[in-house]
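Contents: one structure, followed by commentary.
The values are calculated or read from the model by the stated rules, or taken from the named source; none is laboratory data. Quick caveat: nothing in here was measured; it's all calculated off a predicted structure. Reconstructed Cβ throughout: ideal geometry from the backbone, glycine too, with neighbour counts over all protein chains shown. The protein model used for the area step is the full one, side chains on, heavy atoms only, and it has no ligands, DNA or RNA in it. Shrake-Rupley method; radii C 1.70, N 1.55, O 1.52, S 1.80 Å.
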Amino acid sequence: MIAPKENFAPSIIPATIEDYPTIQNMARFYVYEMTRTCGFISDDWHCPKDGLYESFDFKIYFEAPDRFPFIVKIGDELAGFVLINKVGVSPNTQWNMGEFFILAKFQDKDIAKQVANMIWQKFPGIWEVLVIPEMSYALKFWRKTINKFTSGHYTEDYKLVRFDRDQPNRFIFTFDTSFIKDKIPIKPVISKAETSHIDAMVSLSNAKRTSYEKAQPQFWRRADNAHEKQTEWFHTLLNQPDHILLVAEINNKIKGFIIGRLIPAPEVYNPGGLTLMIDDFCVAEPSMWQSIGVSLLSALKEQSKQKNVAQLLVVCGHHDEPKKTFLEKMDLSIASDWYVGKI
Ligand SMILES: CC(C)(COP(=O)(O)OP(=O)(O)OC[C@H]1O[C@@H](n2cnc3c(N)ncnc32)[C@H](O)[C@@H]1OP(=O)(O)O)[C@@H](O)C(=O)NCCC(=O)NCCS
């Protein structure tokens, strides 16, 4: 008998040290499931002589304060486990889906999706989910589930990792669940900047300038009247045909902005069209690059499509790791470094 999907409401229960043997027992089947696709990666995936698949020891999840083990249940029945840690490939990662397993009986019933959604709501912040490329079914599951949960606000990379000698490739999904409330991602509203937005844009820019000045006091040194000058400048740009100014709002509050300028390349270069130069690009919090930053940059790219733009050029402080990580995830690479010194 096949049970209909809508009959199941999973619960996720924080696991204690008493649950450690139970999770370790279920993990044998977790490994067994994974051998379907990973079985030929190396000898480590061979079935042991006694026929009992052996998993990694997950005890650390019950000992370390920054690890969070959960048992999944349907009613009173065991349905799987989830192990969360904070160890990411990127230094900005706050939560990592360490291990995730739904028992065979409960697979393909939307239970895994519900469990993942519950976990992302419980731990708001920047998430990483890593998938071994051989696990094509898990890859499809995560891509679909993350896409739905974030309404498309995620990045997907294919990278080499250091911790796995036999299969060092991973698909890496990154997304920010900070804005997610009651399962509905609060999407920023992106619109053309107007006069009424300028004060908020200048405030964001000021905050950025303060942190940049600390990192490089010579180059980013603030002028006495920076605030007034920038207000005046942004007002001027609103009416320039070669500039695109966009703002991102959440609940009617400006949480980020981007200014793109269309410029021709110097005559000795031919990138194939205009350059979209982005110097002023701010978000209210570093964690917002993955959400607000993605929305702003994507909207700006979309708007520049009809304008013979061949390339993007984004200015970013050398110290600004959250922004650098975000730009790399948006498939941008470093073309030039500027060195600054006093005369
Ligand atoms: C991977 C795993 C968690 C997926 O669980 P599941 O029970 O198939 O997932 P769900 O039924 O909740 O499916 C959620 C969505 O993903 C889709 N999906 C799941 N597997 C899919 C596949 N192979 N291809 C396409 N879509 C898939 C479902 O169609 C569903 O889509 P919907 O949102 O439109 O309804 C489960 O198979 C499992 O625990 N496997 C063993 C351990 C494992 O591989 N863990 C992952 C480690 S990275």
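Before moving on, here are some points about what is shown:
- Listed residues Ala265, Ala226, Ala79, most fluctuating in the chain (Gaussian network, C-alpha, under 10 Å): Ala265
- Theoretical FRET efficiency, 1/(1+(r/R0)^6), r = Cβ-Cβ of Gln107 and Gln311, R0 51 Å, to 0.05: 0.70
- Computed on the Cα trace of the chain, the radius of gyration divided by the Kirkwood hydrodynamic radius gives Rg/Rh = 1.05.
- Gain in span if fully extended, Asn270 to Asn252, counting 0.36 nm per residue against the direct Cα distance: 2.3 nm
- In Å², nearest 10: area of Lys140 left accessible to a 1.4 Å probe: 140 Å²
- Most mobile listed residue (Asp19, Asp50, Asp320) in the chain, GNM with C-alpha springs under 10 Å: Asp50
- Percent accessible area from carbon and sulfur atoms, the range 44-117, protein chains only, probe 1.4 Å: 52 percent
- Ordered by solvent-accessible area of protein heavy atoms (1.4 Å probe), largest first, the residues Asp331, Asp43 come out as Asp331, Asp43.
- Cα gyration tensor category, rounded, prolate or oblate, for the range 1-90 with a/c compared to 1.5: oblate
- Take the Cβ atoms of Ala335 and Phe29, set R0 to 45 Å, and the FRET efficiency comes out at 0.35.
- Per residue, the range 292-334 exposes 53 Å² of solvent-accessible protein surface, assessed with a 1.4 angstrom probe and all protein chains in place.
- Cα gyration tensor, the range 166-320 - rounded (a/c under 1.5), prolate or oblate: rounded
- Local charge for Cys38 was computed over the other residues whose Cβ lies under 10 Å away, with Lys and Arg +1 and Asp and Glu -1, and equals -3.
- Neighbour cut-off at most 13 other Cβ (10 Å), DSSP loop, trypsin sites (Lys or Arg not before Pro), the range 197-306: Arg221, Arg222
- Net charge dipole, the chain: roughly 540 debye, given to the nearest 20, about the Cα centre with Cβ charges of +1 for Lys and Arg and -1 for Asp and Glu.
- Shape of the range 5-183 from the C-alpha gyration tensor: rounded (a/c under 1.5, with a ≥ b ≥ c the square roots of its eigenvalues).
- Pairwise FRET efficiency - Ser11 versus Arg222, Cβ, R0 = 45 Å, nearest 0.05: 0.30
- Neighbourhood charge, 10 Å Cβ-Cβ cut-off, centred on Phe62 and excluding it, Lys, Arg +1 and Asp, Glu -1: -1
- Of Phe100, Phe141, Phe56, the one that fluctuates the most in a GNM where the chain has Cα springs shorter than 10 Å: Phe56
- Using the empirical formula 2.2 N^0.38 Å as the baseline, the Cα radius of gyration of the range 117-228 reaches a ratio of 1.52.
- A 1.4 Å probe run over the range 119-267, with the rest of the protein chains in place, finds 55 Å² accessible per residue.
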